[in-house]
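The values are calculated or read from the model by the stated rules, or taken from the named source; none is laboratory data. Because the structure is a prediction, the values reported are computed rather than measured. Don't worry about glycine lacking a Cβ; one is built from the backbone with ideal geometry, like all the others, and counts go over all protein chains shown. Heads up: the accessible areas ignore ligands, DNA and RNA and are worked out on the full protein's heavy atoms, side chains in. Shrake-Rupley method; radii C 1.70, N 1.55, O 1.52, S 1.80 Å.
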Amino acid sequence: MARMLLSIPSPSSMKMFDLWSSSSWWEEINESRNWQDGIFFTLCGFYALVSAIALIQLIRIEIRVPEYGWTTQKVFHLMNFIVNGVRAVVFGFHMQVFNLHPKVSIWVLLEVPGLLFFSTYTLLVLFWAEIYHQACEARSLPTDKLKTTYVCVNVGVYVIQACIWIYLWVDDSSTVQFVGKIFIAVVSFMAALGFLLYGGRLFFMLRRFPIESKGRRKKLHEVGSVTAICFTCFAVRCFVDVLSAFDSEVSLDVLDHPVLNLIFYMLMEILPSALVLFILRKLPPKRVSAQYHPIR
């Protein structure tokens, strides 16, 4: 009898078991208006903070080197300010955004900042590619062609995405929705590949330099850290986009998936942006150096 009494679980433990064995808690959070507002306003606040940091850093750079126009560094911080600012507005007005009709309007408002995020961080790939090819003895690829490639790739991405949106506006086809999500995944894969290719090349090139100095170690750490962060970010984005194309339960373009939105956007945009801005926080020297290229 004593053994039987000992084997009977207490009411509190049974309650905990029921809580974790059921998915009701997840559904209750996702369907709760209070939780939705809390999570999306939290995302709004974090995006606004990162946007403000990027703007402050842009102003500091402009004060330091006002005479050199729009350098790569300035454009990068400006685009970070815009991307995070747009995200903050979208999530700040999440009720209006997620209830828009036709549904393609929701996708436009959620995917445009994602495309701008792609353009912002592939700008780093362009900058590193320029440095790498200028340092190579062969100089097989002129830097002007690199800029042209960057512009053409980005224009092509926006044009294709615009065509997908127009088609969805005319005919809300599930097949085209699937194609659109796969296309976004391909864009993320391209960015991840760019960081792996040129971030990796520049990292190993810096490692081959025989001179050991504090500046070289800092630059090596900077390139390696940003490459790892951005490659991981875009690779995971690619995986999530492919997964959401096949499973609507992990879709991010609906109001009643706030927890998924919180996890995705915190880990895939807010945290990477904050880390990269922190790593690249160093101001340029007052006199332009050979590595500080204005955009022409």
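Evaluate the stretch 98-110: report whether one residue or more is open to solvent by 50 Å² or more (accessible area, probe 1.4 Å) and modelled with pLDDT of 90 or more. Checked against the condition, which is being open to solvent by 50 Å² or more (accessible area, probe 1.4 Å) and modelled with pLDDT of 90 or more, the stretch 98-110 yields at least one hit. Residues that are in contact (Cβ under 8 Å) with a residue 40 or more places away in the chain and either β-branched (V, I, T) or under 18 Å from V187 (Cα atoms) (or both) within the stretch 254-263 comprise V254, V259, listed in sequence order. Of all residues in the stretch 71-97, those that are among the small types (G, A, S) and surrounded by fewer than 20 Cβ atoms within 10 Å (Cβ to Cβ) total 2.
Okay, residues lined up against (1) surrounded by 14 or more Cβ atoms within 10 Å (Cβ to Cβ); (2) in contact with a Lys or Arg (Cβ under 6 Å, 6 or more places away or on another chain); (3) aromatic (F, W, Y); (4) over 30 Å from F246 (Cα atoms):
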{"residue": "T149", "(1), (2), (3), (4)": "no, no, no, yes"}
{"residue": "V155", "(1), (2), (3), (4)": "no, no, no, no"}
{"residue": "L168", "(1), (2), (3), (4)": "yes, no, no, no"}
{"residue": "S174", "(1), (2), (3), (4)": "no, no, no, no"}
{"residue": "G180", "(1), (2), (3), (4)": "yes, no, no, no"}
{"residue": "A192", "(1), (2), (3), (4)": "yes, no, no, no"}
{"residue": "L197", "(1), (2), (3), (4)": "yes, no, no, no"}
{"residue": "G200", "(1), (2), (3), (4)": "yes, no, no, yes"}
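Between V170, V223, V159, the distinction of being at pLDDT 95 or above and either out of contact with any Cys (no Cβ under 9 Å at 6 or more places or on another chain) or within 22 Å of V86 (Cα to Cα) (or both) belongs to V159 only.
Cβ separations smaller than 9 Å between residues 6+ apart or across chains give the following pairs from the stretch 31-46 residues that are in contact (Cβ under 8 Å) with a residue 24 or more places away in the chain and more than 13 Å from F264 (Cβ to Cβ) to residues that are of a type in the set (D, E) and surrounded by 13 or more Cβ atoms within 10 Å (Cβ to Cβ): E31/D256; Q36/D256. Summed over the stretch 239-267, the residues that are assigned to a helix (DSSP H, G or I), more than 11 Å from the chain's Cα centre (by Cα) and buried (at least 16 other Cβ atoms within 10 Å of the Cβ) give a count of 9. Among the residues of the stretch 46-70, those that are open to solvent by less than 40 Å² (accessible area, probe 1.4 Å) and touching a helix residue (DSSP H, G or I) at 6+ places or on another chain (Cβ under 8 Å) comprise Y47, V50, S51, A54, Q57, L58, I61.
So is L109 assigned to a loop (DSSP other than H, G, I, E, B) and free of Cβ contacts under 8 Å to residues at least 60 places away in the same chain or not? In short, no. Tell me, yes or no, whether the stretch 223-238 has at least one residue that is touching a helix residue (DSSP H, G or I) at 6+ places or on another chain (Cβ under 7 Å), outside any helix (DSSP H, G or I) and either touching a residue at least 24 places away in the same chain (Cβ under 8 Å) or within 15 Å of G114 (Cβ to Cβ) (or both). The answer is no, given that none of the residues of the stretch 223-238 is touching a helix residue (DSSP H, G or I) at 6+ places or on another chain (Cβ under 7 Å), outside any helix (DSSP H, G or I) and either touching a residue at least 24 places away in the same chain (Cβ under 8 Å) or within 15 Å of G114 (Cβ to Cβ) (or both).
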